[in-house]
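Inspection log for the structure reproduced underneath, given as structure tokens.
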Amino acid sequence: MKEYQTITEISGPLVYAEVDEAIGYDEIVEIETAQGETLRGQVLESSDGVVAIQVFEGTSGIDQEASVRFLGETMKMPVTEDLLGRVLDGSGRPIDGGPDIVPEERQDIVGAAINPYSREYPEEFIETGVSAIDGMNTLVRGQKLPIFSSSGQPHSELAMQIARQASVPEEEEGDGEASEFAVIFGAMGITAEEANEFMEDFERTGALERSVVFMNLADDPAVERTVTPRMVLTTAEYLAFEKDYHVLVILTDMTNYCEALREIGAAREEVPGRRGYPGYMYTDLAQLYERAGRIEGRDGSVTQIPILTMPGDDDTHPIPDLTGYITEGQIYVDPDLNSQGLQPPVNVLPSLSRLMDDGIGEGLTRADHGDVSDQMYAAYAEGEDLRDLVNIVGREALSERDNKYLDFADRFEKEFIDQGFDTNRGLEETLEIGWDLLSMLPKEELNRVDQDFIEEYYREDAGGETETEATAD
Amino acid sequence: MSQTEAAVRDDGIIASVSGPVVVARDLDARMNDVVYVGDEGLMGEVIEIEDDTTTIQVYEETSGISPGEPVENTGEPLTVDLGPGLLDTIYDGVQRPLDVLEDKMGSPYLDRGVDAPGIELDEEWEFEPEVAEGDEVGRGDVVGTVEETVTIDHKVMVPPDILEEDETAEVVAIESGSMTVEETVVELDNGAEVSMRQEWPVREARPTVEKKTPRTPLVSGQRILDGLFPIAKGGTAAIPGPFGSGKTVTQHQLAKYADADIIIYVGCGERGNEMTEVIDDFPELEDPSTGNPLMARTSLIANTSNMPVAARESCVYTGITIAEFYRDMGYDVALMADSTSRWAEAMREISSRLEEMPGEEGYPAYLAARLSQFYERAGYFENINGTEGSVSAIGAVSPPGGDFSEPVTQNTLRIVKTFWALDADLAERRHFPSINWNESYSLYKDQLDPWFQDAVADDWPEKRQWAVDVLDEETELQEIVQLVGKDALPEDQQLTLEVARYLREAYLQQNAFHPVDTYCPPEKTYLMLTTIKTLNDEAFDALEAGVPVDEIIDIDAAPKINRIGVQEDYEEYVDDLKSEITEELRSLY
């Protein structure tokens, strides 16, 4: 291994050095400063004689005298089952004071794409215990379902609730060992306070035992954030596809990750795409999100819940926009519902789980699940629309039918959505509440529900059928 | 690769690497030549030449590749292998079969530097000649057939590049029976040998005689498409929509139920799980016209979003070249590209790595040209062998933020003649397919009407116009309703709203996940519309006779319209329902 003292230019997070041997693209670099500090980086561009290096810890303290060592390999993550229960920094080094990690394997953090032919289609339900998700936007194993939120919203509480409650109803047959559940938590640029909340919650509920935590805090180097999610996902893939865990990956906050990408792009003087983000951001994000999934012949799965705060609560901003095009749906956290005190403040109308249809129904959840959720969507959407009208003409001016929909929307928010961050609701319970609410409407309004289900579940005494019910309050 | 005159050119070495773009020195290559980069032999394509440096886009991940490694030139442009075995196969963007890759790599991950021929070279096919010794054949002429799948007879043709235009040659020898794709099946007197396999450069359209006006619809079994916004066989369509509005489901429905002979489905930058769904579902689904498995008429190209960006750029070309090949056999081919925005973004990404001067929103200035070149390869053609065939191209567009004013949508709309606008609001209220009936259009409507009149009913165009008028009126009335409430409207307008509601809920909505409703033949589409028209006519008669609108709306028969879609024996159901509606309404006065 040769050492060079040939740094020619230092600019933002980038260092340019002259070399006299062939250096591979993406290779790992160590830079030792005059003060004896060792910084790590990665080759961003390699050409004859000159390489561009992105330094994870930031370039402060580096001068032209610093020495550069090329390690001759791309970045690797040491993986082992013993990682469970550990807390690591954004580059995968333990920060919990525990023993050193003895890796079973060292895996390349730039995961190769899964051959679509080798994937197995995700269709097994994950019960999160949150009605807005289980009932209306069901999560399945191997899915990537982001939470679209904005600053000041309780997305972390929702994520913690999911991490705490998530379970996979195991197949009845029980041949062989049941796969275990593991949570891998990747924090990118979150504040120390937020991090503490997460850690306290992990410790309080004993969830840490089945978790691996990667922490890149707000004051940690931004460039490091570009490797943190890759470390997280490499660990997830190892646990899922070699150790048979069902892994739930929570990445927060993807917005900080994208800011770091933009920072590097700007430092390299690249032609920017929309709003200054690099043109390859779609590809880059896809390389993270697409690492969710299941593989034929392997028992485990990787499910992702990335969290992103939408700048200005605007979902057309490039970060949520590109994310939405890659992920299989999204859960919206709504500031209005939050200010009304709903917990979790999930707005189900724009939310969507693309894999829901294949993960629910007879044999998977309950036969009426799909119909119930469709009908509740339609009814809540109608009630929402009518609210605008009420503001103009008042409730009295509306028909009895319209009033029923307005009541439905109110009760839907109060009884179905607002369950509190500490309540773990089973799917049965969620669907029963759904039927309680749907029975407020006359039977013939339930045009999305199969007749048989109406006969089985419709509550005759709930007022939906009585003509004389006074609904206008 | 076949032996062409262009001998292998001089090889070069890598000068620099940055993501998918590699610069080589001393490489003597032509534009668009395919090269193998580095010790691992990663496949790439020449995209820029300047002095002695050559810029290459690499179709595989470039981690760990370093300057000084060799670059080998094949001297040939990017080509696809054409021949029996294309159907019932799933490829990546440069036509490597994904199942073969899995075998060769022995891992569920896509490794680098593994190549595989586009069609199986060892497999034997039963060749049945259709020419005799002494016959004169020209370019593109069929010399025999092979049963490629249960659905499709593969026609073996004289490759267009071995004879001049209008030149013919005499057949001097014929083989028949079991043969591999590389064995010669027919020999010509000019020395040329025809085998089942031919190659064609992907960026070049296969020759035809002329483009004709398409007059047959591509029947999709989707009510809103067939009924209101039909596309022709040989037509072009765009489906733009924000995420979550159902582009992919619409594309899948078309791939499953469109009455084309061949389906080429290009998943360009799509989700891995979605492609897996296609791979899982299609072999099990039945082709509604033949009853055979859908895969027997389908070729899939899957370049998911995390697969190399350069291969994403080439995958639509791979798809349309295969489509043209089947068109040459006289088949109607439908190509779905999901999504063309990802393709455009791949161009943008490569272009920015080349530091080209960007056009609008960072897209390269040649974006519009590339899009129109692609869509122009679709059409209803007279082929060079005298047969007629078509390629219909249906491209999904994913506009950022659902804003249709962005460059990819706008440039696409300038070319395509059918526009199916997906609407997030409709999707939000679970109105699927969420195609907005006010914004969408089809410029093929008039030229396709004779077909529908002939095949379904004489008054097809009038009925359609009636539905459009009612929906238009509803849109206007809804604006008033938003202000004053429904009850403030005059009774006849309230009734129009009710009729429009059935049009929206029963006719325009269609449940892709219901086993019966998912496919609606044009006859059923028509009968459903006439049922709603019956309701409309009878209801207005009743209103005129003095029946209050509330009573009319409340009749028990009307909601049954919503269940026509799920009826298997719809003819009887519709007959009964029509008389039920008529009786019930007439009993009111």
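The values are calculated or read from the model by the stated rules, or taken from the named source; none is laboratory data. For clarity, every value in this text was computed on a predicted model and none was experimentally measured. Please note: Cβ atoms are built from the backbone with ideal geometry, for glycine as well, and neighbour counts cover all protein chains shown. Remember, those area values only see protein heavy atoms, side chains included, never the ligands or the DNA or RNA. Shrake-Rupley method; radii C 1.70, N 1.55, O 1.52, S 1.80 Å.
On the given criteria, is A:Gly329 on the phi > 0 side of the Ramachandran plot and not basic (Lys, Arg)? Here the answer is yes, as A:Gly329 does meet what is asked.
The set of residues in segment B:258-294 that are open to solvent by 20 Å² or more (accessible area, probe 1.4 Å), of a type in the set (D, E, K, R), assigned to a loop (DSSP other than H, G, I, E, B) and within 14 Å of chain A (Cβ to nearest Cβ) contains only B:Glu284. Restricting attention to segment B:101-119, the residues that are surrounded by 19 or more Cβ atoms within 10 Å (Cβ to Cβ) and either within 9 Å of chain A (Cβ to nearest Cβ) or within 14 Å of A:Arg119 (Cα to Cα) (or both) total 4. When A:Asn196 is tested against the conditions (1) open to solvent by less than 10 Å² (accessible area, probe 1.4 Å); (2) over 24 Å from A:Arg354 (Cβ atoms); (3) part of a helix (DSSP H, G or I), the lone failure is (1). Of all residues in segment A:281-307, those satisfying the criterion of being assigned to a helix (DSSP H, G or I), at the interface with chain B (Cβ under 9 Å from one of its Cβ atoms) and hydrophobic (A, V, I, L, M, F, W, C) are A:Leu285, A:Ala286, A:Leu288.
Filtering segment B:397-446 down to residues that are closer than 21 Å to B:Tyr519 by Cα, part of a loop (DSSP other than H, G, I, E, B) and in contact with a Ser or Thr (Cβ under 6 Å, 6 or more places away or on another chain), which residue is nearest to the other protein chains (Cβ to nearest Cβ)? By that ranking, first place goes to B:Ser434.
Can you tell me how many residues in segment A:386-401 are more than 8 Å from chain B (Cβ to nearest Cβ) and surrounded by 16 or more Cβ atoms within 10 Å (Cβ to Cβ)?
Count: 2.
Filter segment B:321-345 down to the residues that are modelled with pLDDT under 90, assigned to a helix (DSSP H, G or I) and touching a strand residue (DSSP E or B) at 6+ places or on another chain (Cβ under 8 Å) and list them by number. Residues satisfying the conditions do not exist here.
The test for being away from chain B (no Cβ under 14 Å), among the β-branched types (Val, Ile, Thr) and open to solvent by 10 Å² or more (accessible area, probe 1.4 Å) holds for A:Thr6. Among the residues examined, B:Leu413 qualifies as surrounded by fewer than 18 Cβ atoms within 10 Å (Cβ to Cβ), touching a strand residue (DSSP E or B) at 6+ places or on another chain (Cβ under 9 Å), in the same structural domain as B:His252 (by the TED database) and within 27 Å of A:Tyr277 (Cβ to Cβ). Quick check on B:Arg297: is it open to solvent by less than 10 Å² (accessible area, probe 1.4 Å) and within 18 Å of B:Thr149 (Cα to Cα)? Criteria met by B:Arg297. There is at least one residue in segment B:565-578 that is modelled with pLDDT of 95 or more and more than 23 Å from B:Pro515 (Cα to Cα). For B:Ile65, the criteria (1) out of contact with any Asp or Glu (no Cβ under 9 Å at 6 or more places or on another chain); (2) within 14 Å of another protein chain (Cβ to nearest Cβ); (3) assigned to a loop (DSSP other than H, G, I, E, B) hold in every case but one, which is (1).
The criterion of being in the same structural domain as B:Thr304 (by the TED database), over 27 Å from B:Leu300 (Cα atoms) and open to solvent by less than 10 Å² (accessible area, probe 1.4 Å) holds for B:Tyr363. When segment A:231-256 is limited to residues that are in contact with an Asp or Glu (Cβ under 9 Å, 6 or more places away or on another chain) and within 15 Å of A:Val110 (Cβ to Cβ), the one that is surrounded by the fewest Cβ atoms within 10 Å (Cβ to Cβ) turns out to be A:Tyr238. Report whether or not A:Ala409 is within 27 Å of the chain's Cα centre (by Cα), open to solvent by less than 70 Å² (accessible area, probe 1.4 Å), within 14 Å of chain B (Cβ to nearest Cβ) and more than 29 Å from A:Pro169 (Cα to Cα). No.
When each of A:Gly359, A:Gly341 is tested for being open to solvent by 10 Å² or more (accessible area, probe 1.4 Å), modelled with pLDDT under 95 and farther than 20 Å from B:Ala346 by Cα, the lone residue that passes is A:Gly341. Candidates are the residues of segment A:283-301 that are aliphatic (A, V, I, L, M) and in contact (Cβ under 8 Å) with a residue 60 or more places away in the chain; the one that is surrounded by the fewest Cβ atoms within 10 Å (Cβ to Cβ) is A:Ile295. Looking at the structure I just gave you, is A:Asp26 open to solvent by 10 Å² or more (accessible area, probe 1.4 Å), under 36 Å from the mean Cα position of the chain (by Cα) and either at pLDDT below 85 or among the charged types (D, E, K, R) (or both)? Against the criterion (open to solvent by 10 Å² or more (accessible area, probe 1.4 Å), under 36 Å from the mean Cα position of the chain (by Cα) and either at pLDDT below 85 or among the charged types (D, E, K, R) (or both)), A:Asp26 qualifies.
Considering (1) within 29 Å of A:Glu27 (Cα to Cα); (2) in a loop (DSSP other than H, G, I, E, B), the lone condition that B:Pro84 does not fulfil carries the number (1). Selection over segment A:199-230 of residues that are of a type in the set (Lys, Arg), surrounded by fewer than 19 Cβ atoms within 10 Å (Cβ to Cβ) and in contact with a helix residue (DSSP H, G or I) (Cβ under 9 Å, 6 or more places away or on another chain) gives a count of 0. Selection of segment A:46-93 for residues being acidic (Asp, Glu), in contact (Cβ under 8 Å) with a residue 24 or more places away in the chain and within 24 Å of B:Val23 (Cβ to Cβ) yields only A:Glu73. For segment A:92-112, filtering for residues that are surrounded by fewer than 14 Cβ atoms within 10 Å (Cβ to Cβ) and in contact with a Ser or Thr (Cβ under 9 Å, 6 or more places away or on another chain) leaves 2. Put simply, of A:Tyr121, A:Tyr117 the only residue that is under 30 Å from B:Gly269 (Cα atoms) and either in the same structural domain as A:Phe416 (by the TED database) or without any contact (Cβ under 8 Å) to a residue 40 or more places away in the chain (or both) is A:Tyr117. Scan segment B:88-100 for residues that are more than 11 Å from chain A (Cβ to nearest Cβ) and open to solvent by 10 Å² or more (accessible area, probe 1.4 Å) and the total you get is 2.
Among the residues of segment B:351-392, the ones that are more than 9 Å from chain A (Cβ to nearest Cβ) and in a helix (DSSP H, G or I) come to 11 in all.
Taken over segment B:136-152, the criterion of being surrounded by fewer than 18 Cβ atoms within 10 Å (Cβ to Cβ) and more than 27 Å from the chain's Cα centre (by Cα) is satisfied by B:Glu136, B:Gly138. Looking at this structure, is B:Phe229 over 14 Å from the mean Cα position of the chain (by Cα) and either within 12 Å of another protein chain (Cβ to nearest Cβ) or open to solvent by less than 10 Å² (accessible area, probe 1.4 Å) (or both)? For B:Phe229, the condition - over 14 Å from the mean Cα position of the chain (by Cα) and either within 12 Å of another protein chain (Cβ to nearest Cβ) or open to solvent by less than 10 Å² (accessible area, probe 1.4 Å) (or both) - is not met.
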